[in-house]
1. Being of a type outside the set (Val, Ile, Thr) and within 14 Å of chain A (Cβ to nearest Cβ) narrows it down to one of B:Glu45, B:Glu16, so name that one.
2. Being within 12 Å of chain A (Cβ to nearest Cβ) and in contact with an Asp or Glu (Cβ under 9 Å, 6 or more places away or on another chain), is that true of even one residue in region B:71-81?
3. I need every pair where a residue in region A:1-20 that is more than 7 Å from every other protein chain (Cβ to nearest Cβ) and of a type outside the set (Gly, Ala, Ser) has its Cβ under 7 Å from the Cβ of a residue that is surrounded by 15 or more Cβ atoms within 10 Å (Cβ to Cβ) and assigned to a helix (DSSP H, G or I), sequence separation at least 6 or different chains.
4. Looking only at region A:21-46, how many residues end up being within 8 Å of another protein chain (Cβ to nearest Cβ) and over 30 Å from B:Glu23 (Cα atoms)?
5. Which condition breaks for B:Glu45 when tested against (1) of a type outside the set (Lys, Arg); (2) surrounded by fewer than 14 Cβ atoms within 10 Å (Cβ to Cβ); (3) closer than 15 Å to B:Ile8 by Cβ; (4) touching a Phe, Trp or Tyr at 6+ places or on another chain (Cβ under 8 Å)?
6. All but one of (1) surrounded by fewer than 22 Cβ atoms within 10 Å (Cβ to Cβ); (2) farther than 26 Å from B:Leu82 by Cα hold for A:Leu95; state the number of the condition that does not hold.
7. Could you grab me the full set of residues in region A:54-69 that are more than 7 Å from chain B (Cβ to nearest Cβ) and surrounded by 23 or more Cβ atoms within 10 Å (Cβ to Cβ)?
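Computed from the coordinates by the stated procedures, all read-outs in this text should not be read as laboratory data. Here the structure is a predicted model, which means the values were calculated and not measured. A quick note on method: Cβ atoms are made from the backbone with ideal geometry, for glycine too, and the neighbour counts reach across all protein chains shown.
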Amino acid sequence: MTEDAAAKLAERLTELWRSSKSTVLERMLTLRSACERLTQEPSDADARTRGLEAAHKLSGVLGVFGLPQGSEIASSIEFLLETKGPLTAETLTALQRRVADLDAVIASKPDE
Amino acid sequence: MSRRVLIIDDEEDIREVAALSLETVAGWDVLVAGSGAAGIAKARENRPDAILLDVMMPGMDGPTTFRELRSLPETADIPVILLTAKVQAADQKRFSDLGVVKVMFKPFDPLVLAQEIAATLGWQEL
């Protein structure tokens, strides 16, 4: 790839991140809300499905915008939510910690 | 040589980044579709050189879309690369067993996506 193409791609990716960030934040909101619900009701299947879908989408998209650590954390959240049976207190604590970590990773990315 | 690649993914941001990457890095002609059904229609109409197909989509998922593409004479021979965020080995084997040319993982690197596709398909231009 030429330097020109690389620079153009980087510039367009920055523009796309600006326009996609609101969707990413909406997915974080869905994930956070699902995890809060699961803390109150660990067997809530709908909340788990909502959380899984949000985590899955985040794991797929964050890395393409230069946040591979965000993708890894989202993937680990997805893994925790796929655990069979009701979520244990230990798993819920781990979930809350990882959601906070994910928030911090996303917040660390500048818009420009 | 100019190539035409169809991206089928329900997530708009993934479609946009992948399309931008393939157009900017490789200069390929890129078509996009947001669902399996729309992708099949575009594949039949445009006969792309390759299809990049997401696994998890609402309605018709990637494996179902792939089987439908294989059943249609106009699209049966188009090479399909599956894109998935799932990384478990069992999933990878299940997807590979379908008959796709490769399973690629999200998140992909926009800087090298085109080279990976070209290498997979034996396209020499990159």
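1. On the way: B:Glu45 fails: within 14 Å of chain A (Cβ to nearest Cβ).
Of the residues listed, the single one that is of a type outside the set (Val, Ile, Thr) and within 14 Å of chain A (Cβ to nearest Cβ) is B:Glu16.
2. Step one: list which residues in region B:71-81 are within 12 Å of chain A (Cβ to nearest Cβ), which gives none.
No, there is no match, as no residue in region B:71-81 is within 12 Å of chain A (Cβ to nearest Cβ) and in contact with an Asp or Glu (Cβ under 9 Å, 6 or more places away or on another chain).
3. Once the first residue is more than 7 Å from every other protein chain (Cβ to nearest Cβ) and of a type outside the set (Gly, Ala, Ser) and sits in region A:1-20, its partners that are surrounded by 15 or more Cβ atoms within 10 Å (Cβ to Cβ) and assigned to a helix (DSSP H, G or I) give A:Trp17/A:Phe65.
4. Counting residues in region A:21-46 that are within 8 Å of another protein chain (Cβ to nearest Cβ) and over 30 Å from B:Glu23 (Cα atoms) gives 0.
5. Unmet condition: (4).
6. The number of the failed condition is (1).
7. First, the residues of region A:54-69 that are more than 7 Å from chain B (Cβ to nearest Cβ): A:54-55, A:58, A:65-67, A:69.
Correct list: A:Ala54, A:Ala55, A:Leu58.
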